[in-house]
Each structure stands twice: as C-alpha cells, then as structure tokens.
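Data block below; observations after.
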Amino acid sequence: MALMLSLAITLITILFGGMLIWKHAWLPPAISTIAGPIDHQFTLTFIVCGLLFATAQVTVAYLVWSQRSKPQSERHHALHGSHTLEGTSILVATVLLVALSATSYQTWTRVHWTGPAPGALRIEVWGEQFAWYFRYPGPDDRFGPVHFNLMSDSTGNYLGLDRQRDPASRDDIVTATLGVPVDHPIELILRSKDVIHCFFVPELRLKQDLVPGMEIPIHFTATRTGRYEIVCGRLCGLGHYNMHATLAVMTEPQFKAWLLRMAAEQ
Ligand SMILES: [Cu+2]
C-alpha cells in the first residue's frame, strides 16, 4: 500500500511537471523586443517553483516508502513547535521570493517604466463593450479632442470627434484593426469608454488594463510581420468573449499604403 502511494505521488509529480513543461512550450512565438526579458523571467520563475514542487513531492514519496516496513512505534511523527525547521523554511521561502521579486522588478521596469524610443508612432487604443478602436493622429501628429456627447456607434463616430470644429480631429484616422510597421517603435495610449478592459497580445508578451478616465501608455516594437489576435483579458460583461481585434504587423511601405487607404475611408 505504502509502495503504491509513493509510486502514485511520484507519477503525479512527473505528470504535472510534464504538463507544465508542455504548457510552457505552448507560449506562442514571440514577436517583440520586450518578449526576451519577459520570457526569461517566466522561465526563471517556472524553474524555481518547479524545483520546489518536485523536491517536496519526491520527499513525501520517499518518506512514505522508507517508513513502510517499520512498526508503528518507530515511524516518524508529525513535528510540533520546531523553531529550527519553521525558521529555515520561512528563510528559504523569503530569500527565493525576494530574489524573484527583484529580478521581475527589473524586467517590469525595462518594459513598462521606460519611455518609448524616440520617433515612436503614437496610436490611441480605445476599448468599449465589446469592441476595439484605434486612432492615428494623421499628418499633423495631434489627436483631436474627444467629445463624449458625440460618441455614437450608430453613426460611426465611435470616438466622439468633431471634425467640423476641431482642426486637429480632421486628419485623425479611426480603424478597427491595429496596423503597425515592423521594427518601428510604437507607443500605445490605452483608454476606455466604459468599464475596465485589458489589452492583451500574447505574441507581444504585452498585457495592460484600460481604466476609464485614465490614459495609460505602453510601448513595444514588433519584430515579425503577420496578423495576430488582440483579446480583452479582463471580464468586462456578457459580450467579453467576443471582444477581439487584429494586430497587423506590416512592412513600412505596406503600412503607409494601408494607412492611406484607412484615411480615405474616414
Ligand atoms: Cu473584456
């Protein structure tokens, strides 16, 4: 019975360890310059936690197996009030958590707390229940003001622009697809029209909440052309499951032609 139990614990450990490693391989191909440090941090956390998990499980399996033939009186008993054991385990856990926090803090700083590279293309990202819209500032490089009383999905004025009265709004380009040029720094300004949403593109390794009333900047540089799914990573209502859009990473000439086409449709 004890042998079966220790074997079962070992098999479960191997099975779950294998599943985690397999899941790690599920991460889609990375397509941004910030993906390297994010993936490195993920792997580091995964290895540290995985080793702790495997060590604890194998220890339990070994103890069950090694005690199986001893009489009841000679078997190990639960420990109560061992200050050495408690202190050591708390110290080890604290050191590991502080070390992981320090390295992840560095990664987070690199990705989120540094500004975009000079010359970054600024694009507004708007989330609403249950759609995404993207705004490009046009040739004047200025976003026109947003009038919430003019917002109307039925007339197609999704962002409440007054193109008649606001000169800066006249050349603004609003799209349903996020088109960006490859190898070019991009700054996104995240805004929400209603509730909290979350901009998430797994391939970029970029995930950030949109909070009503706030303009939240994030930045990235895409390194591979293609089409990738943008999803909402925050449960935002009944239609949340269907709140997605496309990130289209294009070559510079393709992007310029696409933006001209989008401008003509405004
Ligand atoms: Cu959502």
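The values are calculated or read from the model by the stated rules, or taken from the named source; none is laboratory data. From a predicted model like this one, the values you see are computed outputs, not experimental measurements. A quick note on method: Cβ atoms are made from the backbone with ideal geometry, for glycine too, and the neighbour counts reach across all protein chains shown. Surface areas here come from the heavy atoms of the whole protein model, side chains and all, with no ligands, DNA or RNA. Shrake-Rupley method; radii C 1.70, N 1.55, O 1.52, S 1.80 Å.
Worth pointing out:
- Residues located in the range 183-211, provided they are over 18 Å from the mean Cα position of the chain (by Cα), at negative phi and more than 13 Å from the ligand (Cβ to nearest atom): HIS184, PRO185
- Screening the candidates PRO212, PRO253, PRO217, PRO185 for the property of being open to solvent by 40 Å² or more (accessible area, probe 1.4 Å) and within 21 Å of TRP113 (Cβ to Cβ) yields one hit, PRO217.
- Condition met for ALA248 (over 13 Å from ILE123 (Cβ atoms), away from the ligand (no atom under 16 Å from the Cβ) and not in a loop (DSSP other than H, G, I, E, B)): no
- The listed residues are THR107, THR13, THR55, and the only one of them that is part of a helix (DSSP H, G or I) and closer than 24 Å to VAL201 by Cβ turns out to be THR107.
- Single residue of the range 134-176 satisfying the filter (open to solvent by less than 60 Å² (accessible area, probe 1.4 Å) and among the β-branched types (Val, Ile, Thr)) that is modelled with the lowest pLDDT: VAL146
- Taken over the range 105-133, residues that are within 14 Å of VAL180 (Cα to Cα), within 16 Å of the ligand (Cβ to nearest atom) and open to solvent by 60 Å² or more (accessible area, probe 1.4 Å) amount to 0.
- Residue within the range 196-206 that is outside the structural domain of SER32 (by TED's automatic domain parsing), open to solvent by 70 Å² or more (accessible area, probe 1.4 Å), touching a strand residue (DSSP E or B) at 6+ places or on another chain (Cβ under 9 Å) and in contact (Cβ under 8 Å) with a residue 40 or more places away in the chain present: yes
- Number of residues in the range 217-235 that are touching an Asp or Glu at 6+ places or on another chain (Cβ under 9 Å) and within 16 Å of the ligand (Cβ to nearest atom) equals 3.
- Pairs where the first residue, in the range 231-245, is free of Cβ contacts under 8 Å to residues at least 12 places away in the same chain and the second is open to solvent by 30 Å² or more (accessible area, probe 1.4 Å) and of a type in the set (Gly, Ala, Ser), C-beta under 7 Å, 6+ apart: none
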